[in-house]
1. Which whole-Hz couplings ³J(HN,Hα) result when phi for each residue of the stretch 206-219 is put into the Karplus expression 6.51 cos²θ - 1.76 cosθ + 1.60, θ = phi - 60°, listed in order with x for Gly and Pro?
2. Long-range amide H contacts for GLU30: which residues qualify at under 5 Å (H placed 1.01 Å from N, peptide plane, sequence gap of 5 or more or a different chain)?
3. Roughly speaking, what is the stretch gain from ASN161 to LYS303, that is 0.36 nm per residue apart minus the C-alpha to C-alpha distance, in nm to one decimal?
4. Could I have the simple spin-label model distance between ASP264 and ARG134, label points 7 Å from Cα toward Cβ, reported in nm to one decimal?
5. Counting Lys +1, Arg +1, Asp -1, Glu -1, what net charge surrounds MET194 among other residues with beta carbon under 9 Å of its beta carbon?
6. For the stretch 179-225, take N as its residue count and report Rg(C-alpha) divided by 2.2 N^0.38 Å.
7. Based on the Cβ-Cβ distance of ALA291 and SER230, what FRET efficiency does E = 1/(1 + (r/R0)^6) give at R0 = 35 Å, to the nearest 0.05?
8. In Å, what Rg and Dmax follow from the Cα atoms of the stretch 188-303?
Amino acid sequence: MQSNITRALAVPALAGAALFLSASPASAHESYTVRSGDTLGHIAARYDVSVAQIVAENNITNPNRIRVGQVLSIPHSSTSQASKPASTSAPAQGPKPVDPANFSGGTGSYQVVAGDSLSRIGARLGVSWQEIARLNNLSSPYRIRVGQTLKVPGAASNYPNLPSRILEDPARLAILPSLERWSQTYGVPTDLLMAVAWQESGWRNDQISSSGAFGIGQIMPATGEWIAASLIGDTSLSRIEPEDNIRMSAAYLGWLLKEMDTEDDAIAAYYQGQGSVRANGWYTSTHSYVANVTSHRAMFVSK
């Protein structure tokens, strides 16, 4: 996306919200060696920290470029239950979570088991940990206990045409409630925001362009700063964080829908830039972009 400022906009690594257990204090940092297939989002979810924390800790300039064998310093929050990452093996025996595909309504339930955190539960169920916290009126440091029953959103069940690439990817599924929430907040048709995000990044927050556009909505640094300050009024937002990135994308698209003459022009301006569309009309590539977004919307029609 390009704005009249520059090409812009951008989920989730899943931020950590650890299960509160009695345990010995963990060290402040731990080393992690990057393996084939790793992304900062996956590593952050594994350790219950945010991508921004890892980026800051390791002075990473391009969050999309880490190399196999690279050793990263991973910070630990004071509420983290242990210094080890979540196991990739089968979970311990315990109450089974509700499959989000089987939800009959807007929410389901989940019983907390040992080793759980909000981010792990969110990744397992394909929902946002922030939405779980909101549904259960949890606040920082997001302490949960073994045996606790949590309400969990079942957003995926409302979209019968979601492609398998989303349904089979917990990281992508996890941002769906946030896309719903912020589209409604900023007056953007939900299927449109989802389609734009799909066209921009394939719903992957680890995507970064050669020009520096980052994340789900592909937000450029200067544009992100302008959106945060002028459209949202919160300069603490970071385009690196999935939730903030989605919010910025929704706020910007909502603004364009009001500023441009037609919905198609707003989509074009998201890609090409508002000033450029008004001064030059659509570029050839912009026609393709708008057509692709329009086609994608069919995947995100809700019941």
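What follows draws every value from the coordinates through simple rules; no lab data is involved. Computed from a predicted structure; not experimentally measured. No Cβ is skipped: glycine too gets one built from the backbone with ideal geometry, and neighbour counts run over all protein chains shown.
1. Using θ = phi - 60°, the values come out as 8, 7, 9, 7, 5, 8, x, 5, 10, x, 4, x, 6, 9 Hz.
2. Those lying under 5 Å, H to H, from GLU30 are ILE74.
3. Working: separation 142, 0.36 × 142 = 51.12 nm, distance 0.97 nm.
Gain in length upon complete extension: 50.2 nm.
4. With each label placed 7 Å out from Cα toward Cβ, I get 3.3 nm.
5. Working: positive: ARG297; negative: GLU180, ASP191.
Surrounding charge for MET194 is -1.
6. Details: Rg = 11.0 Å, N = 47, 2.2 N^0.38 = 9.5 Å.
Rg over 2.2 N^0.38 Å, computed on Cα atoms: 1.16.
7. On the way: r = 30 Å, r/R0 = 0.86.
For R0 = 35 Å, the calculated efficiency reads 0.70.
8. Looking at the stretch 188-303, its Cα Rg and Dmax stand at 13.4, 39 Å.
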